[in-house]
Every structure is written in structure tokens, then in C-alpha cells.
1. Looking only at the stretch A:114-122, decide whether some residue is touching a residue at least 40 places away in the same chain (Cβ under 8 Å), among the basic types (K, R) and touching a helix residue (DSSP H, G or I) at 6+ places or on another chain (Cβ under 8 Å).
2. I'd like the full set of residues that are of a type in the set (A, V, I, L, M), within 27 Å of B:V71 (Cα to Cα) and crowded, with 24+ Cβ neighbours inside 10 Å, limited to the stretch B:222-262.
3. Condition first: aromatic (F, W, Y), within 12 Å of chain B (Cβ to nearest Cβ), touching a helix residue (DSSP H, G or I) at 6+ places or on another chain (Cβ under 7 Å) and without any contact (Cβ under 8 Å) to a residue 60 or more places away in the chain. Can you find one or more residues in the stretch A:8-27 that meet it?
4. Which condition breaks for A:T56 when tested against (1) farther than 20 Å from B:A159 by Cβ; (2) away from chain B (no Cβ under 11 Å)?
5. Applying the selection to the stretch B:135-168, what residues are more than 10 Å from every other protein chain (Cβ to nearest Cβ), more than 24 Å from B:D91 (Cβ to Cβ) and not aliphatic (A, V, I, L, M)?
6. Mind checking which residues of the stretch A:88-97 are more than 9 Å from chain B (Cβ to nearest Cβ) and over 14 Å from A:F51 (Cβ atoms)?
7. Provide a single number: the residues in the stretch A:1-19 that are part of a loop (DSSP other than H, G, I, E, B), hydrophobic (A, V, I, L, M, F, W, C) and either farther than 17 Å from A:D45 by Cβ or under 14 Å from the mean Cα position of the chain (by Cα) (or both).
8. Just need a number here: residues in the stretch B:275-324 that are charged (D, E, K, R) and within 14 Å of chain A (Cβ to nearest Cβ).
Amino acid sequence: MDNQFTSSAYFQFINEKKLMGSRDVHTNEMFLPPRPVNPKTFGTDMEWVEFSGEGTLAAYTIVYIAPTAMIAAGFDRKNPYCAGIVKTKEGPMISAQILGVDVAHPESIQIGMPLQVSYLTRGEGEAQRVFLAFEPKA
Amino acid sequence: MTNRKLARGVALIGAGMSKFGAFKGKNSRDLFVEAYEEMLQSVDKGFNPADIEMLMVGNYSSDLFEGQGHVAPIMASWVGLSPRAAVRVEDACASAGVALRQGILAIASGLYDIVMVGAVEKMTDLATEKVTDTLATAADATFEIPAGFTFPGFYAAMATAYMHQYGATPETFMQVGIKNHENGSLNEKAQFGAKISTIMEGRRASAAKKGLPIPEWDSELEFLHDDKANPIIAWPMRLYDCSPVSDGAAAVLLVSEELAKKYTDHPIYIVGSGQASDGALHDRDTLTAIPSASEAARQAYEMAGITADDIDLAEVHDCFTVAEVIATEDLGFFKRGEGWKAAEAGETARNGKKPINLSGGLKSKGHPVGASGVGQVVEVWKQLRGQAGPRQIERELQYGLTHNVGGTGQTCVVHIFERRD
């Protein structure tokens, strides 16, 4: 079987600012990131499907001690950021940076708050890459 | 899934560990030898190491921490066990617990009668951000890490979900840290074996000595709320909610049940073993529980023929304070959403009805990641045999449990131990 639901195919869509997952053509269950195999049925008849980009915040943290990739992006103890898990309108949850929230007042960030997809571009030249992010719904 | 029994019984006849801490000038093999020697000395009727038939080694990432892969044969060679089979087992922070399980299965299969399970990690040679990066490879590097998650961050996110769903607060988690530091203050092997109150006094004394203003904290909780004394790592997890970066090793000797009494009149029997796996944190139905832990526990209880109520003490994987609260629910000690109340009420303290992490846990004792699971077994071995010294709990003990988690629960392994005399 030629697996078209690869990580690189997913990230190519992200680069085009499209949030694409997979859908089981038999059960209609949707997966984000796209899965080639439905873990409940073991079915492999999948098709690409575009997600609406709408969701709600399921969990979050404000990261003060950052990994090297985020340090390179300018984050540190004085400039922390919010990472979260977003429950998409379609069902699946996904990890993403959460933009536009008050990281200095973490209690002000509400689980369940409506979010919409956003995209971040980081890196220079060949290393430039678009990252999935979410922000509070306008 | 149906559960099966071991084809034959397995018993523990010896256990030992190095001190956990930051040891400049000691590498993995040096620490491994310390654990090995204490393990040999712990065998009541003496033991000839030549009788060991194979070696399982729990280790997470010597490759990245020390630039050394393929550590199992090195450890075997260094304690004289070549040419016996030596196998490294890696399942992130559950590496040691899974190595134990593989040792059990090796004996239960009938292929070997005597297996040593060693576990080691040397973490402190790397700078903090490199340690953070190395630990992060235990998560999904493709779909989780680009979001900016770190391990403290994952558990912090679980904490926000747990607080939101059940009403716990950051103070709940601080109480777990205070309790584990109290337990660790009685453990000479602990990396940070001091009560929070003792650490506070140390800070005051140090400020006075330097002629700096002496900080005023009315209580341990006030100290833990101080951003300077207890900085945020990933909100709501602060420094004293996080297990430290550690070096350490631990080792146990397993034999087939019928051989046990040859080596000791007080073997500890391994009566339950369970293990389960899972996907990324965002890929689960819940963020306030670790499903692989419940599944591993179910298997272990079923194999042992007992329930959570029968467990007298447990060493659980408190890599972060919130993880201990969730673990006590996953293991069935408390109902969903009740674990935080039990922690606040002192039910998991030394004198509580369900003592958790009498060793000080990963929080105080230290967390050399790939060695921690066997370190937990050393504590249960000592407690069940009445050899835990100043931290021995004075009550009739029959069953002890260890709970070892890899990542955020991509792996969980649970073992149940029984004293029969």
C-alpha cells in the first residue's frame, strides 16, 4: 500500500496554511494529524479532508524553561509562551502554540475558550517553516 | 484484552542502588557498579555472581546524555558478566520498569533461572536545555514538540485540565512536593533529601551569611509561592513540582520461585505485572488521567488476584507533582477527581492510609530517568522486608506496588510485590 498520509504531506499542507487531516471513508471518523490506519477498526480506506480550523482550548501551559528550538525563536524565562492542546470542532485534539493570550496572567486563560487556527512562520531561507498555531476566536 | 498468568513464579532475592544525585566524575558504569555491589551484599545467604545467567539493562538515552550507545554489554563486561546475554531496554522513563518486566518474562519463559536487572542513567553532563531536548525525544517529536511542549509543559497542561475539571489548585500539587521532601529527608540515598522547611532555613541562613535581606516566609506554602525561591518552569508547575536532573543506578536479582529460599528466607514474590502503551497526549480521550496506567494496573491486579485496596504501599512515578495525584487515581487508590483531596488530607503521607513514595519519590530521591523504575523496586523490597531504616513504616505489610511511566503515558508498567512470611 502506498501511504499518502505521511507527516511530510501534512506539513506541506501546513506550509500552504491548510489544516488537512484524514477521514475514514467507511466510518467518517476524522483524524488530525492524518492517520493512515483507523485505530478503532484497523481500516485503511482514508481520504484527505480539510479541517475548519475552529476549536476550543482543552489544556495549556506557559513555558518558562524552553527547549533549544524555542530559545532560537526568541523565547526564554523573560519571554515565556503558551503551548496548548486544542480540541477541534471536528473532534480530534492537536498540540499547538497558542497566540494572543496573556501569558503573564495564566489564570486569565480559560479552558474551553473558542480558538481559531493561525500560522507562524519561523526560520530563514531553506530552513523557513510554517508552524501550526491557534489564537482566540475573533 | 484478556489477561494471562506467568508460566512460572518469579521472586526477588536482592536489591541495591547507588545514591541518586549529580556526580561529577562518575559515568554510567561507575554508578552501575555501585548498585551492583549493594545488590550482591543484600542477598541474605550470599550469592555467587557467576550464577547470573543474563542481564537486562534499563536505560533511556545514554546515546544523547553521554555519547555512548550499546550500553548493556558494557555494563555486563564491567561487572564481569561477559559473555552472558546483555539486553538494553528503552521505553523512556519507564525503561527500568520495563527491563524488570522483561527479566521476569525471561525467567517465566523457562529459558533462564537467574537474571539480573540493572538500570542506569547519567544525565548531569549536559546543560539544562540539552537535557530538556533529550527528554523531549520521549514525546512525539513530529507532532507534539513543534508546538513548544517540554516535559514539564505536558504535565503542566494535564494539571490545568485536572484543575479545571476537579477543582484542584496549584497548592494541591505543592502539598505533594512537601510530603515527598519529608519522606526523602529520611532517605540517605536521596538527591534532595531535605524537608522544604529545612531548605527554607538554609536559604535564610545563606542570605544572612552574605549580608543580604533575609527572606520572610510564614510557611512552606508561602515559600513555594515565591517566584524567586520557586520559579515557574511551565505554569502551573514550578521548580519544586519537578523531579530533578539526576545520575543514578539501581539493580535487582530475580530468580525462579523454586530457587528463592536457597538465597534468602525472606524473598519478595512478584505476583503482578502489567504494561500498556498509548499515543501522543493530544491523541487520547482524556487529559486528566493516564489510560495506559489504568490498563497496566488492571493487568497487574488481575494477575495478583487482588485489588487496589489490598496494596499497603506504593512507589508511583511522580516526575511532576501532578503526576502523583493522577497516578493515585489511575491505580484505583482513589476515585476519579478525589486524588487531590486525598493528597491534601494527608491520606498518602507516611502515616496515611495509603502511603505513597516513602522513598521521597522521584521528586526528592531523584529521577535518573532510565533507572527510576528499578529504584522504586529497591524501596518496596526494603519496606516489605522491614529494612527501610528510619523511614520504615511500622505496620503489617504484605503488598507493595510500583508504577513507572514513560513519557506522558505512552508507556506505563505496574508491578505488585508480596511478602509471604
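The values are calculated or read from the model by the stated rules, or taken from the named source; none is laboratory data. Treat the numbers as computed from the prediction; the structure is a model and nothing was measured. All Cβ positions, glycine included, derive from the backbone under ideal geometry; neighbour counts span all protein chains shown.
1. No, the conditions are met nowhere in the stretch A:114-122.
2. If the condition is that a residue be of a type in the set (A, V, I, L, M), within 27 Å of B:V71 (Cα to Cα) and crowded, with 24+ Cβ neighbours inside 10 Å, then B:A249, B:A250, B:A251, B:V252, B:L253, B:L254, B:V255 are the ones that fit.
3. No; the residues of the stretch A:8-27 include none that is aromatic (F, W, Y), within 12 Å of chain B (Cβ to nearest Cβ), touching a helix residue (DSSP H, G or I) at 6+ places or on another chain (Cβ under 7 Å) and without any contact (Cβ under 8 Å) to a residue 60 or more places away in the chain.
4. Of everything listed in (1) farther than 20 Å from B:A159 by Cβ; (2) away from chain B (no Cβ under 11 Å), A:T56 misses just condition (1).
5. Matches in the stretch B:135-168: B:Y166, B:G167.
6. The initial filter retains those residues of the stretch A:88-97 that are more than 9 Å from chain B (Cβ to nearest Cβ), namely A:88-91.
Residues satisfying the conditions do not exist here.
7. Of the residues in that region, 1 qualify.
8. First pass over the stretch B:275-324, keeping only residues charged (D, E, K, R): B:278, B:283-285, B:295, B:298, B:302, B:309-310, B:312, B:315, B:318, B:324.
Then keep just the ones that are within 14 Å of chain A (Cβ to nearest Cβ); that gives B:278, B:283-285.
Going through the stretch B:275-324 one residue at a time, the tally reaches 4.
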